[in-house]
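Q: The following block contains the structure, expressed as structure tokens.
Read the figures in this text as sums done on the coordinates, not as results from a lab. Since the model is a prediction, treat every value here as computed from it, not as a measurement. No Cβ is skipped: glycine too gets one built from the backbone with ideal geometry, and neighbour counts run over all protein chains shown.
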Amino acid sequence: MPISKAMADAINVQIGNEFAAHFQYLQIATYFHEDGLPQMGAFFDHQASEEHDHAMRLLHYLRDTGAKVAIPKIAAPKATYRSAKEAVSLALKQEEDVTAQIDGLANLAIDERDHATRAMLDWFVTEQVEELDTMGELLQIVARAGEANMLLVEEHVRRKAAAEFGTAE
Ligand SMILES: [Fe+2]
Ligand SMILES: [Fe+2]
């Protein structure tokens, strides 16, 4: 069953939001790589690739339902940060915004009794719980360590990545 024009339009907007998140994370990753914090840089590179996957997941859904794909204009990311804490705060704010956007899409799917889209969005609802938890925890650790102790945060991020991806060396 094809989805409504309103639903397709809203999903296209979200494709733009996910690509905007992708670019924002690439920009934050670059800040950390250039600031001598390669583990933080790698963490945000990985986040960036996840956001790209989210955009593609939505795009493929539009294709599967025969809806029109129309990728919107993507706003430029914020490119300068005064501190690690500011960069991670921006990341958390972005995840909070995306969570609200996903909830809005889910509300629309429910209003339209569009069960296919609602079921597709379940994955995103669950993903956002994890994203908020991950970014909230990182901000807490960065705030606790302080700018002078970011190498301790590097070690934390390295250990966590090793546990998650088996990339210990
Ligand atoms: Fe996302
Ligand atoms: Fe995310």
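Q: For segment 5-165, what's the radius of gyration and Dmax over Cα atoms, in angstrom?
A: 16.9, 53
Q: Tell me the relative contact order for the chain as a rounded percent, counting alpha carbon contacts under 8 Å between residues six or more apart.
A: Worked out over the chain, it gives 27 percent.
Q: Along segment 88-97, what does the Karplus equation 6.51 cos²θ - 1.76 cosθ + 1.60 (θ = phi - 60°) give for ³J(HN,Hα), rounded to whole Hz, x for Gly and Pro?
A: Values, residue by residue: 6, 4, 5, 4, 5, 4, 4, 5, 5, 5 Hz.
Q: Across 5 Å bins from the origin, how do the percents of Cα pairs in segment 1-48 run, short distances first?
A: With a bin width of 5 Å, the distribution comes to 6, 23, 18, 13, 10, 9, 9, 6, 4, 2, 0.
Q: Taking +1 at the Cβ of each Lys and Arg and -1 at the Cβ of each Asp and Glu, which of Ala67, Pro38, Ala143 sits farthest along the dipole of segment 5-165 towards its positive end, judged by Cα position relative to the Cα centre?
A: Selected residue: Ala67.
Q: Now for a separate question. Can you work out ³J(HN,Hα) from phi for every residue in segment 116-129, in order, using Karplus 6.51 cos²θ - 1.76 cosθ + 1.60 and θ = phi - 60°, giving whole Hz and x for Gly and Pro?
A: Values, residue by residue: 4, 5, 4, 5, 4, 6, 3, 4, 5, 4, 5, 4, 5, 4 Hz.
Q: How do the peptides 117-123, 23-29, 36-42, 142-148 rank, highest first, by the average count of neighbouring beta carbon atoms within 10 Å per residue?
A: In descending order of packing, they fall as 23-29, 36-42, 117-123, 142-148.
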